[in-house]
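Below you'll find the structure, written out as structure tokens, and then a few comments.
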Amino acid sequence: MRVSWLRASLRTRLVVLGLMVNLTLAGMLTAVALLSWQSLLQQDLHARGDAISGLLDSGLAALLAKGDHFGIYRFAESGVESRSISFLVVRDAAGHVLVHTAPDDRSAQLAPMPVPDTLYKLWQAGPVLALNRDIHYDGRKVGSVQFGLPLEDIRTTFYGLLLRCLAISSLGVVGLLLLQHLLRCWISEPIEGLVLAAKRMARGESGGLLPRSGPPEVMALSESFARMRESLDERMASMRIQQDTLNAIADHTYAWELWFDPQGRVVWVNPSVERITGHTVEQCLQSERYLLDMVSDIDRDRVSCALRTSLADRKPGQGFQFRVRHKSGANLWVLASWTPIFAAEGQYLGIRVSLLDCTESLENRRALEQAVSRLRVEQLRASQHLRDAQRERAMLDTLLASLYIGLVFVDGERRVLYANPLFSQFWGLPQLDELAGHVLEEFLPSLAELLHGHSGEVELKLDDGRIVLVRLSPIEGDGDSGSLLLCEDVTAARASAEQLVFLAERDTLTGIFNRRRFQLEIERMVKQSERSQRSMALLTFDLNDFKLVNDNHGHAAGDMVLIDIARVINRTIRQSELFCRLGGDEFAVLLPEADVFDASMLAGRIDQHIREIAFDFSGIERRVSASIGIAIFPDHAATADELVAAADAAMYDAKKDDENGCWRIFDGATMQASLTFRPPHKHDYDGRNEPTVIV
């Protein structure tokens, strides 16, 4: 075969060589394009799957945790309508389907599969790639989602790439047919340039020079190589942009990100470590234990154990807090969350850890907990004070309700603040619920008038005859003022007082004034007479033959005699004169602003009325008479006691002189009674009605 090849013509060699080169280049370009496109496709599918998983996780986690089916349905509809996914099936933690947005049952029944790692698997995947992701919320699984990534655009691109490769191969075949026309030209150098450029492209190099002169076929092939190189350069540039984007996302996150391999070695650290701890990325990657050396001695064993457990469990976690030392020596609290990392083929690559500085939030939380603790203590105290106040209020309400005095509190504007039940009953008003907040004038205008400039005690006499004692006490406070009104029905008390006064000053048998009232009134009239420089008179008398009635007819008959005489004499005297029983059958009459004439006229009337009274005791008629003594102040005495003694002396002289009744006037000059009067008759009086003195 080697001999046959050596004997072949140059044209044949060129044709065969061109065919071989063409096939080689086409195969290499196709392989490079397919491998590049396969790598880009994997990255694109991974990125799209991760992006959609992140969106679904952030959008559905809280909804699944709350069980908000309507929110889940709206979120699913919006995701499908955006055409970023072909269908979406949402299941709860138990695997029950909550939302089904597949256009047909076949789409929903697609078995989940990993992202295809070869074009052949992509071809077998069909128009939709079904992916399944778990949804976690606060470290626990709350459900899962199955969604379909549409592959129509990818398949269309794949068909275009195949067509382009076929086109390039077709150009090679056409070039082979045109080699017959290039036999007369020296084409080895342009072909060698093309071969070199193809080798550079196969090695992934760019920037190689293509032949700039030569036969048109060579130049056409050179231009095709140039377009292929531009296409590859564009794809490589897109890959670099994607890589830069991923690096920007990873290196410029706010959290301190780390990648631990399955053996616990730090593979990658983002630059945020320097902002949080002050240590550079290079320092963190110098030693496998550099991170553990940064952990506080108190938490190092706990962090080491948690790292080993997380690497072994290959499960995500969050909420782990521990302390690390800043480069300056200060301790910082960080909050860790982690998730396992797997390659596209499912190979376990380790865990990615995110650390956030939570020192300030932890201090704030502790301060808040302390504040809440203090607030709870104060709340307990306030609750206890409130219970005590309520208990005291209940006791006070019970006490005020049990009082026999109506009371009401009013503010400075006379609005009712409190009224006990007796106050409402006392005045016939509604209960406190209807009174509170109303002005007192609306219900009791007469009582409200007492609040204007009054204080102390005021008595009100009501239309129904009741007497009400109102006590007013002002209430002064810090910026607040008001009044307390105590209302007491003193009708019975006043009646009892008047009855006691009556009993104390009246004779129980006859109902006229007694000796006590006599003593008070004579002292008062003597003083009044001294002030007015006018005389007054005193008549004292006792009954003759009264003992005869008592002895013969009994004390009841004697009491009847006293009662009738008191009634008759009480009608005889003037309203300004005072008639008193001094004891037994002894009586006295006080005459203010009276002289001897007035006293003698009254004495005559008394003697006459007593003589006219006839008493019948079991058919026996009895009569009594009176011995009357008269004394004038200040003519006969200088004091009340002397005036009484003078009247008594005159009365005893009258009784001694005539036991059938007469009156005598005290003689102050001789300190004895000197004038004796007999019962007056019509002819005994002159124009002044003066009595005739019998010597």
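The values are calculated or read from the model by the stated rules, or taken from the named source; none is laboratory data. What you see is a predicted model, and the numbers here were worked out from it, not measured in a lab. All Cβ positions, glycine included, derive from the backbone under ideal geometry; neighbour counts span all protein chains shown.
Quick grid of which residues meet (1) surrounded by 12 or more Cβ atoms within 10 Å (Cβ to Cβ); (2) within 60 Å of the chain's Cα centre (by Cα); (3) part of a strand (DSSP E or B):
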residue	(1), (2), (3)
Ser483	yes, yes, yes
Phe518	yes, no, no
Ile522	yes, no, no
Gln528	yes, no, no
Arg531	no, no, no
Leu538	yes, no, yes
Leu548	yes, no, no
Asp551	no, no, no
What do you reckon, is Leu460 within 18 Å of Ala419 (Cβ to Cβ) and at pLDDT 75 or above? no
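What are the residues in the range 515-548 that are touching a Gly at 6+ places or on another chain (Cβ under 8 Å) and within 18 Å of Ala645 (Cα to Cα), if any?
Arg515, Leu539, Thr540, Phe541, Asp542, listed by residue number.
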For the range 485-516, which positions are more than 23 Å from Arg581 (Cα to Cα) and either part of a helix (DSSP H, G or I) or modelled with pLDDT under 75 (or both)? Thr491, Ala492, Ala493, Arg494, Ala495, Ser496
Matching option when the condition is of a type in the set (Lys, Arg), modelled with pLDDT of 75 or more and assigned to a helix (DSSP H, G or I), among Arg393, Arg366, Arg352: Arg366
Restricting the search to the range 558-581, which residues are surrounded by fewer than 18 Cβ atoms within 10 Å (Cβ to Cβ) and in a helix (DSSP H, G or I)? Asp559, Met560, Ile563, Asp564, Arg567, Val568, Asn570, Arg571, Thr572
Please work out if Thr30 is surrounded by 14 or more Cβ atoms within 10 Å (Cβ to Cβ) and at pLDDT 75 or above. no
Can you pull out the residues in the range 600-619 that are among the hydrophobic types (A, V, I, L, M, F, W, C) and under 14 Å from Gly661 (Cβ atoms)? Ala603, Ile606, Ile610, Ile613
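Quick one: would you say Leu335 is within 30 Å of His279 (Cα to Cα), in contact with a Cys (Cβ under 7 Å, 6 or more places away or on another chain) and of a type outside the set (Phe, Trp, Tyr)? Give the derivation first.
Working: within 30 Å of His279 (Cα to Cα): yes; in contact with a Cys (Cβ under 7 Å, 6 or more places away or on another chain): yes; of a type outside the set (Phe, Trp, Tyr): yes.
So Leu335 fits the description; yes.
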Output the residues belonging to the range 267-292 that are part of a helix (DSSP H, G or I) and surrounded by fewer than 14 Cβ atoms within 10 Å (Cβ to Cβ). Arg275, Glu282, Gln286
